[in-house]
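Colleague: Before I ask anything, here is the structure I am working with.
The values are calculated or read from the model by the stated rules, or taken from the named source; none is laboratory data. Keep in mind it's a predicted model, so treat the numbers as computed, not measured. Ideal geometry is used to build each Cβ from the backbone, glycine not excepted, and the neighbour counts take in all protein chains shown.
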Amino acid sequence: MHQYGFDSVRKMMSSVRIVDEKKYLYVKGSPSAIIERCTQIYDGKKIRKITEEDKDQIEKYVEENANNAMRNISFAYKPLETYDA
């Protein structure tokens, strides 16, 4: 539907898509940029409110990977109530 390219200030790119007649915003980018905007997390069983402990665990994981010369990318989405391109 609409795509917003990678922005070095936001450190992410965004895309609005329609899935089963519902609009969603999908983003991918640096873990720090994505995590600071997240309010929920999928824990492998359900979607729940993200906690500071979750964020700390993710940051630790990203740092460990970076120390091993591995790059990280995060993905997130949210349903959109309204959207006008």
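Colleague: Scanning region 37-64 for residues that are of a type outside the set (A, V, I, L, M, F, W, C) and in contact (Cβ under 8 Å) with a residue 12 or more places away in the chain, which turns out nearest to MET1 (Cα to Cα)?
Modeller: The selected residue is ARG37.
Colleague: For residues that are farther than 21 Å from ILE73 by Cβ and either touching an Asp or Glu at 6+ places or on another chain (Cβ under 6 Å) or among the basic types (Lys, Arg) (or both), tally how many sit in region 13-30.
Modeller: Number of matching residues: 2.
Colleague: Now for a separate question. Could you say which residue among LYS55, LYS23 is within 13 Å of the chain's Cα centre (by Cα) and surrounded by 14 or more Cβ atoms within 10 Å (Cβ to Cβ)?
Modeller: LYS55
Colleague: Kindly indicate whether GLU81 is in a loop (DSSP other than H, G, I, E, B), out of contact with any strand residue (DSSP E or B) (no Cβ under 6 Å at 6 or more places or on another chain) and either touching a residue at least 24 places away in the same chain (Cβ under 8 Å) or exposed (fewer than 12 other Cβ atoms within 10 Å of the Cβ) (or both).
Modeller: yes
Colleague: Cβ-Cβ under 7 Å, sequence separation 6+ or interchain: first residue in region 1-25 and on the phi > 0 side of the Ramachandran plot, partner in a loop (DSSP other than H, G, I, E, B) and at pLDDT 90 or above. Which pairs?
Modeller: LYS11/SER30
Colleague: Could I ask something else about it? Any residue at all in region 12-35 that's in a strand (DSSP E or B) and polar (S, T, N, Q)?
Modeller: The answer is yes; a qualifying residue exists.
Colleague: Looking at region 59-68, can you tell me whether even one residue there is of a type outside the set (Asp, Glu) and part of a loop (DSSP other than H, G, I, E, B)?
Modeller: Pass one, region 59-68, residues of a type outside the set (Asp, Glu): 60-62, 65-68.
So of that shortlist, the ones also part of a loop (DSSP other than H, G, I, E, B) come out as 68.
Checked against the condition, which is being of a type outside the set (Asp, Glu) and part of a loop (DSSP other than H, G, I, E, B), region 59-68 yields at least one hit.
Colleague: Let me ask something else about it. Among the residues of region 41-52, is any of a type outside the set (A, V, I, L, M), closer than 24 Å to SER8 by Cα and surrounded by 11 or more Cβ atoms within 10 Å (Cβ to Cβ)?
Modeller: no
Colleague: Looking at PHE6, is it in contact with a helix residue (DSSP H, G or I) (Cβ under 9 Å, 6 or more places away or on another chain), surrounded by 10 or more Cβ atoms within 10 Å (Cβ to Cβ), assigned to a strand (DSSP E or B) and of a type in the set (Phe, Trp, Tyr)?
Modeller: no
Colleague: Which one of the conditions (1) surrounded by 10 or more Cβ atoms within 10 Å (Cβ to Cβ); (2) out of contact with any Phe, Trp or Tyr (no Cβ under 8 Å at 6 or more places or on another chain) does PHE75 fail to meet, given that it meets all the rest?
Modeller: Here PHE75 meets the rest and fails (2).
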